[in-house]
Every structure is written in C-alpha cells, then in structure tokens.
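Each remark here refers to the structure printed beneath this line.
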Amino acid sequence: MIHQPFRLHSPYNGTMQVVTLTTDFGLRDGYAGVMKGVIMSRAPGTAVVDLTHDISPGDVRTAAFVLMSSFPYFPSGTVHMAVVDPGVGSSRAAVAIKARGHYFVGPDNGVLSWAVGERPDAAVEIRNPALRLSPVSRTFHGRDIFAPAAAALAAGMPLNRLGPRRKEIKAIPFPKVKWGRGETRGEVLATDRFGNAVTNIFERGARARLGTRRLAARVGDRRMPVLEAYSSARPRSPLGIFGSSGFLEISVRDASAAEELGLAPGSRVILSGKGRP
Amino acid sequence: MIHQPFRLHSPYNGTMQVVTLTTDFGLRDGYAGVMKGVIMSRAPGTAVVDLTHDISPGDVRTAAFVLMSSFPYFPSGTVHMAVVDPGVGSSRAAVAIKARGHYFVGPDNGVLSWAVGERPDAAVEIRNPALRLSPVSRTFHGRDIFAPAAAALAAGMPLNRLGPRRKEIKAIPFPKVKWGRGETRGEVLATDRFGNAVTNIFERGARARLGTRRLAARVGDRRMPVLEAYSSARPRSPLGIFGSSGFLEISVRDASAAEELGLAPGSRVILSGKGRP
Amino acid sequence: MIHQPFRLHSPYNGTMQVVTLTTDFGLRDGYAGVMKGVIMSRAPGTAVVDLTHDISPGDVRTAAFVLMSSFPYFPSGTVHMAVVDPGVGSSRAAVAIKARGHYFVGPDNGVLSWAVGERPDAAVEIRNPALRLSPVSRTFHGRDIFAPAAAALAAGMPLNRLGPRRKEIKAIPFPKVKWGRGETRGEVLATDRFGNAVTNIFERGARARLGTRRLAARVGDRRMPVLEAYSSARPRSPLGIFGSSGFLEISVRDASAAEELGLAPGSRVILSGKGRP
C-alpha cells in the first residue's frame, strides 16, 4: 500500500479554478505555454500552475513522485494534468480520475498512480470527441487531448461526460520498505536539484518500528546520523533527515548527496537505531 | 508565402485578458518577473503566460518560430509580446501589430513576422510617451517600452493610440521548400528540447504533391520511414513524423535526432515516396 | 546607505493581489509549484509571479540583489517572498516586513535587506501558529511557514497579526563605492545570464562627481568606453553601459563579459573620465 502522508490543506474552496501541469516538455519550446493557451481558451479565468516541466524525457516514475508529493497542497477540486508520455500516438489510453478530492488527467501509463492511490473515486477514459482539438496531432496530446480535458473539468464538466468509465488504471508499483530486526531497508525514489535523495522510508512507519530514539542511516558502508536540521551537520558531511514529504532523505550539507554518495533512484538506504553496530 | 496551418481555438472570448511572453532573458535574473510586474501594475487582472524565456541570446529566428507555432492556441484578443532584441537602444523601431485576431508587440526586427503573416490588419510604431516608463533604460526595453505597450492593449487601449501607423514591418524570409520530381526538399527550422528537428515541409502541401502513400525522409544519406507514432520506430532509430505544428519533423525514438543526425536550423531534409530509390 | 534608485510604478491599486517568489529551489522538483498551491489555497484569487527560482543554492546575496532590482515594478501592496535559506531548521527567525509600500517575507538572513532598506515601516517575527502548516517540516519552510504568511498578507491580514514586532533585521552590507580623484571605484554585485556584470556604481552619483562628459571603465588593465547602446560597441568588444537598474554594467557585445573578462561578484571596476590616462 502506498502511504499517503498528506492532509489536504484547503481551508475553503477557492473562487478561482486551478490546473497544475507536470511534464517533460521543458521550458524552451513553447509547449507548456501552448497548453496554457488551450486551457485558458476553454476555461477562461483558470489559473494554471507549473509543478514542473523538467522531468527527464520519459521518466514516468519521477513524475509520479513529484505529483504525489505536490498535489495535496492545492485547493480541493484542483485539476492536475501530468503528461510524461513516451507512448504518445500508440494505443495507451488517456484517462481522467477523481481521487482524494482532486482531479487527475494524463496518459494511462502509471504517471498518476502514486497520487491517486489504489482506490480512486472514479476513473474514465477520455473519449468525448468534443474535448479534443481537431485534428489531433500525432505527437502532442498534451495540447490536443489532455489540455481540453483538464479545461473541461476546470470549467465544471462532470467527470462522466469525458468518456466511459474505466475500471483498471495502470499502476507503477510503489517500492516497499523491508522491515528487518532493528532496521528498515529502503531505496531512493528521486533526487532533487540540491542533490538530496528522497527515500521510500516514511517517518511515521519507521518511528513505530524503531522508536523515537536517535537514528542513523547507512548508504553502502557510509554511516550518518539522522538530524533535525542541515545546519546540525558538519559542512560537507552526509546526514539523514526526514524531509518535507515525510520520507527519509539523504543529504550532504552544502553539497549534493547524489554526487558525493553516488545516489540515484533505486539506490539502497538502511535506517537503524544510532547505537547499532 | 508563409503557410498558416493553425486555426484559432477560441470557442468564446475569455473574461480574463491574456498576455504571452517570448524572450531570450532566461529565468535566473528576475527580468521576466519584472515585466510581469509592469503589466500587472498597468493592467490589473491580466494573466501573463510564458511561452519561453530560453531562446538563445539574440536568436530572432527561433523566437519567430515559437511564436508562430504557439499563438493560435490562445484566446483571440491575446497580446503576444516577443522581445529578442539584440538591437536594443539602436534605432530599430518598437511596433505593435494586429493580425489574425491577436495583438503582437516587439522590436521591428522580424521576430513577429512569421506569426503576423504578410497582411496584418494594422501596425503602429510604439511612440506614445505615456506608455513608457520614465526614464527609459538603455538596455531593458522589454520592461520600459514593450511591457507598458502590451499592458495598454490588454487594458483595452485601441492600437492606434499607441503611435503612428507603420506601413512596412521587417520580415524574416520564411524558407521555401523546393518541389522536385516525386520529392520535396526542405530544411530544418528549429530543434526542440527532445532533439526533434522541425522542418518547413508542411503536411498538407506535401500530401498534395506526393499523395497519401507511405513516405520516407532523407537526411544526408540516411533514409527513414515517415511514421504515425514514435513507438512505431525501433528504439533509437530515426523516423520522420508530421508533428504538432503540421510540419515534418525528424526524430529518433528515445533519443535526440539533433545529436544523432547532426541536425540544426538550415540542415537539409528531403521527403519522398517510400519506394523511391 | 543603500541607494534606492527605483520609483514605484503603480498607477493604481490592482484588483488582484500579487505575490512574488524568489528562491533557490529550481524548477525541476515541484517545490515552487507547491508553494503556489499553499498560497492559492489560503488566498484564492492571488496571482503568484516567479521572480526567479534559479538562485545558486544558498546565494543569499544574489537573491537580495534580484529582489531589490525587481520589487519596485510591482503594484504597491505586493507581497514579495524570498526563500534562500541555508539555515532552514536552525534558530534563524522568519520575518515579515512592510517597507516602501510593499510587503516582504523570508528568513532573517539578510535576503530582504537590500530591498527593504534601512528604515522599514514595520517588521515582525512570523510566529502566529495559525499561519503554519502542521506539522512544520524540517526542510521546507517555504511551504510550511513563508507561503502561509505571504498568503495571509495577500488576503489582507494586518502585519502585526503575524507575530511580535522585531526591532532588528539582519542586513547584508551593501558594498560602497570609493570616490577617488576623477574616478570611482566599485565592484561587481551580480552577473546575469547574458554575462553582463552589474556593479554598485550608480549613474546619478557617478555623474554628480564625474560630470556628464564621456566616461570610461577599467577592469584590471582593460579599458573600455561607456556607451549608450550595445550596438555602439564593436562586435565582441567590451563596453560599460548604465543598465536597467541604474548601475554601471560591464558587457561584451554579443558575448559574455563574465567569461571574457573573468568577472564575478566582488570583481573590481573603475569608472573615470574618458580622456584620463
């Protein structure tokens, strides 16, 4: 099961509808702007917010992580559109999902799966021909299919008018931690621009097993303390810290843990009590 | 003549005025943000959308391409401001143009010319002294001249109040394809972040000459099929595909065609029937 | 004393509240988007504008410069949030300041000091527990503390409800120019993406001392004219030019002065009359 550590931070329903974008389109070519143009044309007054357009081309898994970590901080009812879509033009379906008080739109390749969790409220395949630009291009369904669908939801169209119900959504397996004797074995989910490596070891679960005593992390044969602030580590020293998504992160103060420790998605990380040999 | 393949996708006039930005200012220095501040100060409630700020410094031609490919997807009446302006502070004019249901603002160096086409509805030189910040700086007319002009149009000021009518607008020649016997010779207009190389060979024109049979593309002595989806190509194999702007693009599946095939603006590309020797 | 060359360009109070963001979070990880989600959740209808997220990690001084150069171009009443915060999780305070008709929110590490100047109207430490997400993370106070505080100000909450008054704000000393006989000695404050090097030599002050005659700049043993336009220099030649913030900048036409002349923050620059030996 995927932990969903986030509560929804929406004290009231906003008066302005929000659509977020998560893609691997980059910012140099106008692709992100064009999708905003389509959304604003079809749902005037919508605020479109970039989560990121700098996912590595085709890296569905990192996009799934960014979306999962980010969506709960938006007003409920926000439409989250994620287009990391190496299968564009193939037979993969386009889907729209309601889950956790938000809407999600994207290709059915798992990019939405960590955010929507295992039991979404409803899911449809986007098939309504009125919701696509004509003609649909072979290469830019973000513009021609997903943006019009997101705009329709932002404009208040009910989910079931987008297309027929879809029972199964493709999921990327969320890597599970392994609970050993006095230690938790996990792995790196993603690294960020600072070189922090976010793992799948969730604080609440780890504390329940390992207690609230001081903890240490291990990467290969490097041991490091789990601290409360970057500034508690010595300069350029590695540390563990439970980060902003609730997961253990491996960091190096004032430097990149990804570079210094050679960490990448999939790298093994072990968490244990501090005094443990 | 420049092909204008795009229809305007504006089912209704939005209630929120939109201004788009296309520049070579980058995103690290606050320049783009400052222009938004000026626009929002003078036309409160305007939504400002980035097309791109990552045009290579001074690359007027690529900016012209991005603007041409992007503007039709915005609501009609949108103001598109493009500032790639190596001649800032020289005698080049600042212009505002109405064309194709949109407004365009920028230096008169050709950056607007592919978008506005050969017969804009109206064009003026921006001279109204009330529409510039005071003093006008020597180096940042995007902030001091173009943003106030864009804001004025967004706020509803008629074009002719921006300055005197201008009869000639500087144009960058749009490269023409050459129609040979059973083949079409074109060139690369721009490459994108994925390494796709967009050519000037427009699908409708090519099909009219070459028919709807299977086509092949040639770059140097490399031949490749023209396909309907990236995923129809073998991994890391080159292909042609008619892309999202209606033009033939040269791609390599899961890799960069620009790098693998050495493509850059101006590179020659030939399109022909598939069986052709 | 810090020169504050900028007038406020706000012809009228906008109807839409604006919040600007200046951070070192980058754009690839969703951090900037998440902060916008928090702001939009708590202050619906707010327009959030990026000044930059590409400050080098921990470079408080460059962030201070970007903020100082940019904020005056926003509507008065805008909330400017700057989070370059190497001390996150340590004892450094979180502050909110009213100055020059604008609001400023950030860590008390000097990042706000060049913008707010020496005599802000009011300053408080952000302590109101209703204005933080719960729990506050150890690593992302931009999301958990600063964004809710900025949203509260954007939504109209009076400054003094954010927390207790704070008398001293940490300031980064603004480097002073030295006035010699017929010359002014200054230094580089920041370089931009074009490689322009912005100095601390303010035009008005320099003209008052050196007169309006032609000026020359010196970097090491390289002399260069101070010109009115980049295009007045020979291609790839260095020049001085009073830039868009009112400061002398060192540039190289069609190239990067930072690279060609080896300029970085702190590099010495001398301004003198042109005929001076």
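The numbers here are math on the coordinates, done by the rules we state, and not lab data. Fair warning: this is a prediction, and the values are worked out from it, not measured in the lab. No Cβ is skipped: glycine too gets one built from the backbone with ideal geometry, and neighbour counts run over all protein chains shown.
The table below gives the values:
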| quantity | calculated |
| --- | --- |
| Listed pairs A:Lys36/B:Lys170; B:Lys176/B:Lys274; A:Lys170/C:Lys36; A:Lys36/A:Lys167; A:Lys98/B:Lys98 exceeding 32 Å between Cα atoms | A:Lys98/B:Lys98 |
| Test item: B:19-29 mean partner chain Cβ contacts at 10 Å | 5 |
| For the stretch B:26-105: relative contact order, % (alpha-carbon pairs under 8 angstrom, 6 or more apart) | 24 |
| Local electrostatic count, C:Asp59, Cβ distance below 14 Å [Lys/Arg +1, Asp/Glu -1] | -3 |
| Within the protein assembly as shown, percent of DSSP bridges classed antiparallel, to nearest 5 | 75 |
| Gyration tensor (alpha-carbon) shape descriptor, the stretch A:14-85, a/c threshold 1.5 | oblate |
| Neighbour cut-off at most 16 other Cβ (10 Å), DSSP loop, trypsin sites (Lys or Arg not before Pro), the stretch A:27-106 | A:Arg92 |
| Under Karplus coefficients 6.51, -1.76 and 1.60, residue-wise ³J(HN,Hα) of the stretch B:78-87 in Hz, glycine/proline x | 5, 9, 10, 10, 10, 10, 10, 9, x, x |
| Other copies of A:Pro158: label-to-label distances in nm, shortest first, labels 7 Å along the beta-carbon direction | 4.8, 4.8 |
| Total formal charge among the other residues, if their Cβ is under 10 angstrom from that of C:Trp179, Lys/Arg +1 and Asp/Glu -1 | +4 |
| Pseudo-label separations to other copies for A:Gly58 - Cα-to-Cβ vector, 7 Å, nm | 3.6, 3.6 |
| Amide H partners (placed H, <5 Å) of C:Arg253, local residues excluded | C:Arg236, C:Ser237, C:Leu239 |
| Shape category assigned to chain A from the gyration tensor of Cα positions, a/c cut at 1.5 | prolate |
| Qualifying trypsin sites (Lys or Arg not before Pro) for the stretch B:173-219 [loop in DSSP, other Cβ within 10 Å: at most 13] | B:Lys176, B:Arg181, B:Arg213, B:Arg214 |
| The stretch C:110-184: GluC sites (Glu not before Pro) in DSSP loop, at most 16 other beta carbons within 10 Å | C:Glu118, C:Glu168 |
| Shortest-first nm distances, B:Gly273 label point to equivalent points in other copies (7 Å, Cα→Cβ) | 8.1, 8.1 |
| Charge context of B:Val19, other residues only, Cβ under 14 angstrom, K/R +1, D/E -1 | +3 |
| Percent of beta bridges antiparallel (DSSP, chain C, rounded to nearest 5) | 75 |
| Most mobile listed residue (C:Phe194, C:Phe242, C:Phe74) in chain C, GNM with C-alpha springs under 10 Å | C:Phe194 |
| Fraction of beta bridges assigned by DSSP in the stretch B:29-122 that are antiparallel (%, nearest 5) | 70 |
| Theoretical ellipticity at 222 nm over the protein assembly as shown - DSSP helices of four or more residues, -39500 (n - 2.57) apiece, nearest 500 | -4500 deg cm²/dmol |
| Least to most buried among C:Met81, B:Met157, A:Met68, C:Met224 (fewest other Cβ within 10 Å first) | B:Met157, C:Met224, A:Met68, C:Met81 |
| 10 Å Cβ neighbours from other chains, averaged over peptide A:229-236 | 3 |
